[in-house]
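Q: Have a look at this one before I ask anything.
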Amino acid sequence: MASRSRSYTQLLGLLSFNLLLFTTSTKAVRVGVILHKPSAPTLPVFREAPAFRNGDQCGNLEADHIHIAMTLDTNYLRGTMAAVLSLLQHSSCPENLSFHFLSLAHFENDLFTSIKSTFPYLNFKIYQFDPNLVRSKISKSIREALDQPLNYARIYLADIIPTSVDRIIYLDSDLVVVDDIEKLWHVEMEGKVVAAPEYCHANFTYYFTKAFWSDPELVKVLEGKRPCYFNTGVMVVDVGKWRRGMYTQKVEEWMTVQKQRRIYHLGSLPPFLLIFAGDIKAVDHRWNQHGLGGDNFEGKCRTLHPGPISLLHWSGKGKPWLRLDSRKPCSVDHLWAPYDLYRSSRHSLEE
């Protein structure tokens, strides 16, 4: 009997201990769940940018604002910071620039802190982009970076930013602006949905596959259109017309066809060409000196095209910050370096 009583007492004690453990460790269990959520990688640290102020000629009304959209990718953040600095530095009314950043939700707080500490006076807002909008629609392309959901965020831009914004400039993160962005902002759209530098006499056979060209119904889409290419990394978009024309859905429809038939190789560009090729407002080529990152496979060095330059764009595989860090930069990468705010160990020692 004594042995049974002792065992029974031990059992009660064990149950009481487990109950106490469960009661006092609820928070620990919850913390454990939180730790399994996606967390942002360690972000680079940037130096604080100078404060750029408006001149006396600048208005202070909402109508005077210039709206700029960019994506916030943790892998391209260094490029974004350089792009923002270049825009502010060359703007005649820097305080009138309103930035609309699209990022993945679970990185939002870290990215907000990074931008705010680098540009304390910047007028900006971060919007959560749901990658599930496009994840099932993306087809594998020739380069992995082109397949990331944020690369397709520009398609949903009109659905994400406030309805009060009726025009926006979309910019990639691998560029710098060396002119006043207000000049591009005031382009006369002439009723078009998109304005961008345009390159006609393009050979569309490079953009689409044999499956596309062998289908008489698909080929009809390009019939009667001027063979004009444009880079979607620099666009002025009439957001109101985009919404009314339901262009997000039109791009998605072509992505569905691509998923079923594989009619092109590149990422988000071909659907834009199928819808807008030859039907955009052309702006001066100086606003997109693109291709400085080289081709999509090797990223070999390229030289500048002749003519005036307002925007330098490292589209392609090679990015200037990576090539500079590897100490194997191309000559054009030195044009990007003055806008680099990255606080490297070298900078820390100098300070």
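The values are calculated or read from the model by the stated rules, or taken from the named source; none is laboratory data. Predicted model, so just to flag it, every value in this text is computed and none were measured. No Cβ is skipped: glycine too gets one built from the backbone with ideal geometry, and neighbour counts run over all protein chains shown. SASA here: full protein model, heavy atoms, side chains in, ligands and nucleic acids out. Shrake-Rupley method; radii C 1.70, N 1.55, O 1.52, S 1.80 Å.
Q: Enter the accessible area per residue of the range 60-287 (Å², integer; probe 1.4 Å; all protein chains in place). It would help to have the intermediate numbers written out before the result.
A: Details: 9640 Å² over 228 residues.
That works out to 42 Å² for each residue.
Q: As an exercise, identify the trypsin sites (Lys or Arg not before Pro) in the range 242-351 lying in DSSP coil whose Cβ has no more than 13 other Cβ atoms within 10 Å.
A: Values: sites: 243, 244, 250, 259, 261, 262, 281, 286, 300, 302, 317, 323, 327, 343, 346; in loops: 262, 300, 302, 317, 327, 343.
Sites meeting the loop and neighbour criteria: 300, 327.
Q: Just to confirm a number: summing +1 for Lys and Arg and -1 for Asp and Glu over residues other than residue 88 whose beta-carbon lies under 15 angstrom from that of residue 88, what do you get? All intermediate terms of the calculation are to be shown ahead of the outcome.
A: Details: positive: 47, 53, 116; negative: 48, 95, 179, 180, 182, 340.
Neighbour charge sum, excluding residue 88 itself: -3.
Q: Note down the magnitude of the dipole of the range 128-235 about its Cα centre, charges +1 on Lys and Arg C-beta and -1 on Asp and Glu C-beta and zero elsewhere, to the nearest 20 debye.
A: 460
Q: Charges only on Cβ, +1 for Lys and Arg, -1 for Asp and Glu: so what's the dipole of the range 188-322 about the Cα centre, in debye to the nearest 20? Display every interim value, and only then the final one.
A: Working: 18 positive and 13 negative charges, 53 e Å.
In total the dipole reaches around 260 debye.
Q: Another question, if that's okay. Please report, in debye to the nearest 20, how large the charge dipole of the range 60-287 is about its Cα centre when each Lys and Arg carries +1 at its beta carbon and each Asp and Glu carries -1 there. Write down the numbers at each step before the final one.
A: Details: 24 positive and 27 negative charges, 164 e Å.
It comes to approximately 780 debye.
Q: I would also like to ask the following. Of 192/225; 137/250; 241/281; 210/300; 137/210, which sit over 19 Å apart, Cα to Cα? Walk me through the numbers before you get to the answer.
A: Working: 192/225 15 Å; 137/250 13 Å; 241/281 14 Å; 210/300 28 Å; 137/210 21 Å.
Result: 210/300; 137/210 exceed 19 Å.
Q: A further question follows. Cβ neighbours within 10 Å, averaged per peptide: list 218-224, 169-175 in order, most packed at the top.
A: On the way: 218-224: 12.0, 169-175: 24.3.
For the peptides 218-224, 169-175, the packing ranking is 169-175, 218-224.
Q: On to the next question. May I ask you to give the percent of accessible area on the range 60-287 that is carbon plus sulfur, with a probe radius of 1.4 Å?
A: Numbers: 4770 of 9640 Å².
Heavy-atom surface of the range 60-287 belonging to carbon and sulfur, 1.4 Å probe: 49 percent.
Q: Name the residue farthest towards the positive end of the dipole of the range 60-287 from the options 100, 256, 245, assuming +1 on Cβ of Lys and Arg, -1 on Cβ of Asp and Glu, about the Cα centre.
A: 256
Q: Something else: What residue among 129, 61, 271 has its Cα farthest toward the positive end of the dipole of the range 60-287, where the charges are +1 on Lys, Arg and -1 on Asp, Glu, each on the Cβ?
A: It is 271.
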